[in-house]
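Read the structure below first, then the notes.
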Amino acid sequence: MIRLSELVPPGVIRRRSLWIGFLAVLIPLVVLLTLQYRWLVDLEQKSGLASRAAMGNFLDGVANKIEYTYRSEGERVLNVPPSLLSENKFQKIAYHFKKKHSRGRSGTVHKALFVYYFAEEKEARGLYIYDPQTYSMVKTYHEETESPQDRALVRAAIAASSPWWVFHSEGSPHESAALVVDERDPRNRVILNPITNDEGLVLGIAGMVVDEAFFRSAVLETSWLKSAPNCEQDGEAEDLVFTVRDSNDEIALSNGRLEEGEEHVRRAVPFIFTDWTLGLSGLYSSPEQLAQTTFAFNMTLSLLLALFLISGIIIALRAASREMYVSRMKSDFVSNVSHELRTPLSSIRVFGEFLRLGRVGQDVKVQEYGEYIESESRRLTQLINNILDFSKIESGQKLYHFEQVDLATIVRDTIKMFEVRLKHNGFQLSFEAEADLPSLPVDSAAIGQAFNNLIDNAVKYSGDSREIRVRLAREGSHAVLSVQDFGIGIRESEQDKIFDRFHRVSTGLVHDVKGSGLGLSIVNHVVKAHQGEVTVESEPGRGSTFSLRLPLAREAAVEREQPEAGGQPAIARAGSD
Ligand code: ADP
């Protein structure tokens, strides 16, 4: 049976599973967002309609109260018993009006109360207006009324009552006892109640001429105020403007200023004053605008949350992917190091055996094998040093001891240790040093190790080339130590990464060369601890130049740790990177 990991590289499988995880979260999130969007759009439409309906309900409430005020007053006051008309008992009618009509603080609903009597005798027939001063019914003739206002009032009362004469004269029974409104004269609107006897015959009309001033000053306001608490329960009252427009569309009453001049919801006043309208509007926006704003707010909130969620997922996935990468690097590291250890060890063992068995006759050969053993054990020491240093750097325990030293000496000593290896591998190494380079404050062991790592790499990655150039020069306030080889080189995309711990270029010739992936990360750490920097210039197939730039003098902040002149060397600790 063939395993999937044998067909597809493990890195690809891991990446694929990360992507699957990401999509498994992303797809439901997108579905959820889409559903929420549709739901919010729906809600936007409905909440616009709903707040319009709520406004309409409020206006209906006000309208009902106005109607109730007039109907209840009309039904109570105009309900004159027919017996009083037939027996011509006008004084009693006056008494009925006096007793029944209600008086508010700012006046009465009506300007005038009257009875129109359809008597058979001509003298008795006509309009009788109630006089509240004398509590009597006064027979009134249109032509005899002097003031124009009163004439208009009388005319309106007669005009409203007269049509009922037809019912009376025909003798046909009138069954409906409902109140009737006549609004032909907007200044003198009349509410009428036909007075019928037991047979339904219309004997006369009881009526009231409605007072517009009272409607404006008392009825509207109290009806509105009585409805307002219901509206406030919804928490919207303070954001609403209530308006009443009269028959000329002028604003008669309002609790605020209309923003756009138009109410959002309007209702005609029912029963009487039917050419007046009640209106309600949002103080700043229409219900639709309000719904849109709420929609935009909710949508932005959802998108922001989704964005946070996606960012969180991406961060988590990146961390997971990084962890995977590091764990892969670590397992590679273990196998690479084992390999690195095994090769010199087996050489040492073989050469050691040769020597023990005395198979080597010539002194030259003995010396050669000895050199091999020495050089290989140096490599081993170097590798172990790298591992130990790396672990110190990682745990932040790496200490540096700074002393004024001649860099060229360190370089020469290190090159010397490589002599055998270079000779056996046929390498030409040249070293050029600027003559008057001053000594500088460095940790000789650390810098020696860093330089050692660079030479080691130059040897390892030289390919077919056998030339290495080492230069030491001064550049301003820095000493620059560079190692140049003419080997396989490094792609530009890899040049930053090679300083990361465990990182090894995974394609091309490098595959054949063993290494731990720690060398350059240690170089980088050492150089930073010296306040310097390491740079690389490289071209694939042409070779690489690694340069260490080290300051000739340490900066003041670090200088504080320097001992008194001639005392112990300075110690600095550099954290792991
Ligand atoms: P390693 O033990 O693998 O040599 P290093 O940290 O020293 O680890 O180097 C990291 C990687 O950088 C190497 O695996 C190699 O791919 C690349 N590299 C380092 N030095 C050179 C060089 N002189 N020429 C080409 N590639 C190099």
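Taking the stated definitions as given, is LEU113 within 16 Å of GLU75 (Cα to Cα) and in contact with a strand residue (DSSP E or B) (Cβ under 8 Å, 6 or more places away or on another chain)?
yes
Only one of (1) in a loop (DSSP other than H, G, I, E, B); (2) more than 9 Å from the ligand (Cβ to nearest atom); (3) free of Cβ contacts under 8 Å to residues at least 12 places away in the same chain is not met by GLN531, so which one is it?
(3)
Just a yes or no: is a residue in the stretch 382-401 at pLDDT below 90, part of a loop (DSSP other than H, G, I, E, B), farther than 17 Å from VAL526 by Cβ and out of contact with any Ser or Thr (no Cβ under 6 Å at 6 or more places or on another chain)?
Within the stretch 382-401 (the criterion being at pLDDT below 90, part of a loop (DSSP other than H, G, I, E, B), farther than 17 Å from VAL526 by Cβ and out of contact with any Ser or Thr (no Cβ under 6 Å at 6 or more places or on another chain)), the answer is no, since none of the residues qualifies.
Can you tell which of LYS139, LYS46 is modelled with pLDDT under 90 and among the basic types (Lys, Arg)?
Just one listed residue meets the conditions, LYS46.
Among VAL80, VAL62, which is assigned to a helix (DSSP H, G or I) and of a type in the set (A, V, I, L, M, F, W, C)? Spell out how you get there, then give the answer.
Numbers: VAL80 fails: assigned to a helix (DSSP H, G or I).
Just a single option satisfies the conditions, and that option is VAL62.
For every residue, the table says whether it meets (1) under 24 Å from TRP276 (Cα atoms); (2) within 23 Å of the chain's Cα centre (by Cα); (3) at pLDDT 90 or above.
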| site | (1), (2), (3) |
| --- | --- |
| SER5 | no, no, no |
| GLY11 | no, no, no |
| SER17 | no, no, no |
| LEU35 | no, yes, yes |
| ALA54 | yes, no, no |
| ALA63 | yes, no, yes |
| VAL77 | no, no, yes |
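Name the one entry in SER147, SER169, SER162 that is surrounded by 13 or more Cβ atoms within 10 Å (Cβ to Cβ), out of contact with any Gly (no Cβ under 8 Å at 6 or more places or on another chain), farther than 15 Å from ILE93 by Cβ and not aliphatic (A, V, I, L, M).
Testing whether each residue is surrounded by 13 or more Cβ atoms within 10 Å (Cβ to Cβ), out of contact with any Gly (no Cβ under 8 Å at 6 or more places or on another chain), farther than 15 Å from ILE93 by Cβ and not aliphatic (A, V, I, L, M) leaves just SER162.
What number of residues within the stretch 286-316 satisfy the criterion of being in contact with a Gly (Cβ under 9 Å, 6 or more places away or on another chain) and more than 19 Å from LEU23 (Cβ to Cβ)?
Matching residues across the stretch 286-316 total 7.
Looking at GLY487, GLY448, GLY463, GLY476 in this structure, which one is without any contact (Cβ under 8 Å) to a residue 12 or more places away in the chain and among the small types (Gly, Ala, Ser)? Even if it seems obvious, please write down each step before you answer.
Details: GLY487 fails: without any contact (Cβ under 8 Å) to a residue 12 or more places away in the chain; GLY448 fails: without any contact (Cβ under 8 Å) to a residue 12 or more places away in the chain; GLY463 fails: without any contact (Cβ under 8 Å) to a residue 12 or more places away in the chain.
Testing whether each residue is without any contact (Cβ under 8 Å) to a residue 12 or more places away in the chain and among the small types (Gly, Ala, Ser) leaves just GLY476.
Quick check: anything in the stretch 405-414 assigned to a helix (DSSP H, G or I), more than 30 Å from ASP436 (Cβ to Cβ) and in contact (Cβ under 8 Å) with a residue 40 or more places away in the chain?
Looking through the stretch 405-414, none of the residues is assigned to a helix (DSSP H, G or I), more than 30 Å from ASP436 (Cβ to Cβ) and in contact (Cβ under 8 Å) with a residue 40 or more places away in the chain.
The values are calculated or read from the model by the stated rules, or taken from the named source; none is laboratory data. Since the structure is predicted, the reported quantities are computational estimates derived from the model, not experimental observations. Cβ coordinates were reconstructed from backbone atoms using ideal geometry, including for glycine residues, and neighbour counts include every protein chain displayed.
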